[in-house]
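First up is the structure itself, then whatever we jot down about it.
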Amino acid sequence: MSATSHNPDGQLVKAWAAYRQSAATARSESGLLRSWRWRVLAVTVAGATAGALADALREAASTTPAWLVSGIGSAGSVLLAIATLITATLLTVSRQQRWTINRAVAEALKSECFRYATRTAPYDSADAAERLAARTQRLTEALGANAPSSTGPARTGGLPHHLAATDYLHRRVEDQQSWYADKAYAARNSLARFRLVSILLGTLAALLPVIGTLLDKPGPASWAALATTAGTAIGSFVYAERFAFLAESYAAAANRLDALRKRWDVSPQGDDDLQRLVDDVEQALSTENSAWMAELMREEE
């Protein structure tokens, strides 16, 4: 059976619009956090590079004017101070909380909308619209000061309505599984690249002092300090982005959804068994979101 063609009711539109607003806010905050983390990483490496260059020039007794060497060293100190200031003022706990709570509420609202669209419990009764209205109000009120600012018309793109089992499998299960699989793949690739860079920097940090000793030159030791600082900055960036956790968590969620889809495919059920499918899928998604929230909250403690 396929989805019917008549329009969804007003309460579903309101709930879906609330989901879209919170999801958009979460994406915006996540993007800002990642953008500023990249800036902190770049500014930190630039500052450490300037400091290492100034030290190397001093130790090598080069003909570079003293004022220029001093200026390079001062620039490095200023850049490192800027990185610290950005971290303290823009990468704040409150911004992190605004991101995490909006994503959590968005995912909860999305789940309620799909339950409502399939007319499964608790939306399988005559007061389904009233139940959805009450649930939507509770979730949006939980946002508190982190609530999205309402600007422009409500966005309802992708709105699900009157979904049978096959529609739910396609719109919810397969779509979400693909999203998790793609995100897990991207996280694994990012983690592998940063780990390779960290290994190379760690190797340089260990070898450069030895090379300096063998050559009886102090210069390499300055660059070893740069490698150490850069490696530490990359480690902080990787931890903040949670690449390792996301690669594992998203892959596990994709696998769970794939197993549920295959279970249905192997033994197709009627609409009477749709409740079990929806319960299992929404529980799997809720489990992943709860794990994601718990991991992010560790940074705030």
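I need to check one value: relative contact order of region 84-214, counting alpha carbon pairs closer than 8 Å and at least 6 residues apart, in percent.
24 percent
With θ taken as phi - 60° and the coefficients 6.51, -1.76 and 1.60, list the Karplus ³J(HN,Hα) couplings across region 100-107 in order, rounded to whole Hz; mark glycine and proline as x.
5, 6, 5, 5, 4, 5, 4, 5
With unit charges on the beta carbons (Lys and Arg positive, Asp and Glu negative) and the dipole taken about the Cα centre of the chain, which residue among A117, A206, G158 sits farthest to the positive side?
Going by the Cα projections, it comes out as A206.
Rounding to the nearest 20 debye, state how big the charge dipole of the chain is about its Cα centre with +1 on each Lys and Arg Cβ and -1 on each Asp and Glu Cβ. Show your work: numbers first, answer last.
Details: 31 positive and 30 negative charges, 147 e Å.
Approximately 700 debye in magnitude.
Among Q96, I86, G51, which residue has its Cα furthest toward the positive end of the charge dipole of region 36-149, with +1 on Lys/Arg Cβ and -1 on Asp/Glu Cβ?
Q96
Quick one: which of 207-217, 28-38 comes out on top by average Cβ neighbours within 10 Å, and what's the full order, highest first? Spell out each step's value before the answer.
On the way: 207-217: 13.1, 28-38: 15.1.
Per-residue Cβ counts within 10 Å, averaged per peptide and sorted highest first, yield 28-38, 207-217.
Principal axes first, then extents: for the Cα atoms of region 45-164, list largest minus smallest coordinate on each axis, whole Å, largest first.
86, 29, 26
Taking θ = phi - 60°, what integer Hz values does the Karplus form 6.51 cos²θ - 1.76 cosθ + 1.60 yield along region 225-230, in sequence order, with x for Gly and Pro?
Couplings: 5, 4, 4, 5, 4, 5 Hz.
Rounding to the nearest 10 and keeping the result within 0 to 90°, find how far the Cα-based axis of helix 243-266 lies from the longest principal axis of the chain.
Helix 243-266 sits at roughly 20 degrees to that axis.
Provide the packing ranking of 247-259, 125-137, 105-117, i.e. peptides ordered by the mean count of other C-beta atoms within 10 Å per residue, highest first.
Working: 247-259: 18.8, 125-137: 15.0, 105-117: 24.2.
The packing order, highest mean first, is 105-117, 247-259, 125-137.
Using only alpha carbon pairs under 8 Å that are at least six residues apart, calculate the relative contact order of region 30-118 and give it in whole percent.
On the way: 53 pairs, mean separation 33.5, N = 89.
38 percent.
Let me know the whole percent of all Cα-Cα pairs from the chain that are separated by more than 24 Å.
Details: 28500 of 45150 pairs.
When all Cα pairs of the chain are counted, 63 percent exceed 24 Å.
For every helix of n ≥ 4 consecutive DSSP H residues, a contribution of -39,500 (n - 2.57) applies; sum these over the chain, divide by its total residues, and give [θ] at 222 nm rounded to the nearest 500 deg cm²/dmol.
Numbers: 9 runs with 233 residues, N = 301.
It lands at -27500 deg cm²/dmol.
Normalised by the residues of the chain, what does the relative contact order come to in percent, with Cα pairs under 8 Å and at least six apart?
Values: 326 pairs, mean separation 79.0, N = 301.
Rounded, it is 26 percent for the chain.
Compute the convex hull volume of the Cα atoms of region 127-282, divide it by the residue count, and report the result per residue in Å³ as a whole number. Display every interim value, and only then the final one.
On the way: hull volume 27.0 nm³, N = 156.
Normalising the Cα hull of region 127-282 by residue number yields 173 Å³.
Compute for region 1-115: radius of gyration divided by Kirkwood radius, i.e. Rg/Rh, restricted to C-alpha atoms, rounded to two decimals. Write down the numbers at each step before the final one.
Values: Rg = 24.9 Å, Rh = 18.0 Å.
Radius of gyration over Kirkwood radius for region 1-115 works out to 1.38.
Any read-out appearing in this document is the output of simple, stated calculations on the displayed coordinates, not a laboratory observation. What you see is a predicted model; the values in this text were computed from it and never measured. Neighbour counts run over all protein chains shown; Cβ positions are idealised from the backbone, glycine included.
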